[in-house]
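The values are calculated or read from the model by the stated rules, or taken from the named source; none is laboratory data. Remember, it's a predicted structure, so these values are computed and weren't measured experimentally. Here the Cβ positions follow ideal geometry from the backbone for every residue, glycine too, while neighbour counts run over all protein chains shown. In case anyone asks, the SASA skips ligands and DNA or RNA and just uses the protein heavy atoms, side chains included. Shrake-Rupley method; radii C 1.70, N 1.55, O 1.52, S 1.80 Å.
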Amino acid sequence: MAQKPPLMELPIKTAEGGFYDGFSKDVTITAKILIGALIIWAVAFPDNAASVLSTLNSFLLASFASWYIWVVAFFIIVCVVLAILPSTGRLRMGLPDDEPEFSSFSWFSMMFGAGIGIGMLTFATAEPMYHFANNPEVIKGLAEGSSAENVRYAYKWSFLHWGFSAWACYALVGLSLGYFSYRRNLPLTIRSGLSPLFGSSLSGPLGHVIDIVAVVATVLGVAQTLGFGVEQFVAGMHRIGIGDWLLNDDGKATTSAIIFALLIIMGASTLSALSGVGKGIKWLSNINMGLSFFLLAFFLIFGSAFFGLKALFVGLFDYIVALPSLLFTVWRPDGTEVGDALAGWQGGWSVFYWAWWIAFAPFVGVFLARISRGRTVREYVLGAIIIPSVMCFFWFTIVGGTAIDLTLNGTAGDAISGAGQQAQLFAMLDVILSSGFAWVMAVIVVVLLLTYLVTSADSAVLIVNTINSGGDEGPKGRPHIVFWGVALALVVGALLIIGGLGAIQTAMVIGALPFSLVMALMGVALVKGILRDSRREALGVQSVHTE
């Protein structure tokens, strides 16, 4: 069959004047109504909201566990195959003579900060410590919890959750949007990623629904990340002496502390979002990357570097060897103690993480596409999956390995393991350093956390407005930037107050489900589009937009 040039025009109707000038009213107003309804429901009927969300969460995790496991495996396969094949890996996200807009360091800094920075600060210590105590090998009786032999298993599972799977979710969306937007001049919005499947029909209601699903998933996915960050930010402010009013008797953030933290974070992020990607977000990303390297260097010098490096290589070997089976293994309740425990563990960890990364993917994906024009498919996949994963592995083994080593050799006692996940990093600093130096490092961690929070929040606001405006990357109306900044703060605050992080997790899992279907279709469309473009180039048929 003769190859024809691909679709290179996908008009999206936007308002011409008025308050919504430049925005798609169908997408923007509907998304605002849905997010507004969630906020009102959580504030006005907190008990009902908490109960319904909990019931839905249990149903979704039980009913769609297999789907989440398999679809994330599909994302990894798509990205890796497209990068490896010579005919597809050399294709450029843009015109043949396009050059990258950002330096490699700024590109990596913005990508890493937006994609994983906040969670890394919380979980680099908390997750290895948890899996050190309990993981599937412990449940099966193959290893003893909190023992030296269990360190390697702790890292196998930590790497699974924060490695290639997470970044493949982000990379797939970013590759799809960057490829179709910059090669074919389609709008930089989620619907464009499905153009090889649905064509020009995406200009209408079908495309609106896809973008609305993406906006809702983005807000809930970012709310999940900000929720973890706010809890740790409050714990950090308490550690450096802001006041005892920040925490209640259970060591959790008080309502006043949550509101105070959100005012600081969202105020700064809104100001940064108003300045755009090239100014505020770029500079903040470079700052938090520099501070991240400083903190990592600190743990390399003063932490358990040898223990951590050994855990890195052993854990990485175990992870790579087990990855093919880990990607497709689904544990289901079978009425036995071990079987039910494994299913419960996977639902609470792997399935939850896959839902989180999927909900976070429209935000990070659009952002990655925005900053990756001019890079080849192979270069992009290497930069967006392999390098960030390795960076995460270093963090988890050097920082988390120090916590495990201090606990294992008895130096820390239960000071680290007994602290809440939001406070474990600060507890570890107290064990390593004298009180004065520990306070200084706590201040640095709080500043680093704030820059990550602001970077994620302001990037999310800009991305939501990009989707709402039909992919227009230009300046957005200030009222809309302020609206989404406030809405994001209210979603985080309302859900934290009614049910803590559990309520945010539940809302996020619900929002991720419809977008997981969109992402699966994006993967199919991406394979179809890139393979056909490689064939078009071989036949001399036009495959890129010409100015």
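Some observations on this one:
- Note on segment 3-128: the alpha carbon radius of gyration divided by the globular reference 2.2 N^0.38 Å gives 1.58.
- Between the C-alpha center of segment 505-539 and that of segment 149-213 there is a gap of 6 Å.
- Only lysine pairs 8 or more places apart, or on different chains, with alpha-carbon atoms under 22 angstrom apart are counted in the chain, and they number 10.
- When peptides 307-320, 174-187 are sorted by average Cβ neighbour count within 10 Å, with the highest value leading, the order is 174-187, 307-320.
- Placing +1 on the Cβ of every Lys and Arg and -1 on the Cβ of every Asp and Glu, with no other charges, gives segment 1-112 a dipole of roughly 340 debye about its Cα centre.
- Per principal axis, descending, Cα span of segment 386-479 in whole Å: 57, 32, 20
- Considering only P6, A83, Q421, the residue lying farthest towards the positive end of the dipole of the chain is P6, judged by Cα position with unit charges set on Cβ.
- Ratio Rg/Rh [Cα only; Rh per Kirkwood] for segment 301-365: 1.11
- Dipole magnitude (debye, nearest 20) for segment 446-547, charges at Cβ of Lys, Arg, Asp, Glu: 220 debye
- Taking a ≥ b ≥ c as the square roots of the eigenvalues of the alpha carbon gyration tensor, segment 33-95 is oblate, as a/c is not under 1.5 and a/b does not beat b/c.
- Our Cα-only numbers for segment 432-547 put the radius of gyration and Dmax at 21.8, 69 Å.
- Spatial offset of segment 1-30 relative to segment 359-413 amounts to 34 Å, using the alpha carbon center of each.
- With the largest listed first and rounded to whole Å, the semi-axes of the equivalent ellipsoid of segment 71-159 from the Cα gyration tensor are 38, 19, 9.
- Solvent-accessible ranking of E127, E9, E231, largest area first, probe 1.4 Å: E9, E231, E127
- Per-residue ³J(HN,Hα) for segment 58-75, Karplus 6.51 cos²θ - 1.76 cosθ + 1.60, θ = phi - 60°, Hz, x for Gly and Pro: 4, 5, 5, 5, 6, 8, 10, 4, 4, 4, 4, 4, 6, 5, 5, 4, 4, 4
- Cα gyration tensor, segment 123-216 - rounded (a/c under 1.5), prolate or oblate: prolate
- Between T376 and M93, the built amide H atoms are under 5 Å apart, and every one of these is 5 or more places off in sequence or on another chain.
- In this entry, the chain is assigned a mean projected area of 24.7 nm², taken as a quarter of its C-alpha convex hull surface.
- Rounded if a/c under 1.5, otherwise prolate or oblate - segment 324-451, Cα gyration tensor axes: oblate
- Isotropically averaged projected area of segment 185-335, using the convex hull of Cα atoms (one quarter of hull area), nm²: 17.0 nm²
- Rg and Dmax of segment 175-261, Cα atoms only, in Å: 20.9, 58
- Given +1 at the Cβ of Lys and Arg, -1 at the Cβ of Asp and Glu and no other charges, the dipole of the chain around its Cα centre is 1420 debye to the nearest 20.
- Put simply, when 355-368, 519-532 are sorted by average Cβ atoms within 10 angstrom per residue, most first, you get 355-368, 519-532.
- Considering only I387, Y20, I358, and ranking their Cα positions along the charge dipole of the chain that arises from unit charges at the beta-carbon of Lys, Arg, Asp and Glu, the one farthest toward the positive end is Y20.
- Take every pair of alpha-carbon atoms less than 8 Å apart whose residues are at least six positions apart; their mean separation over the length of segment 209-318 yields a relative contact order of 13 percent.
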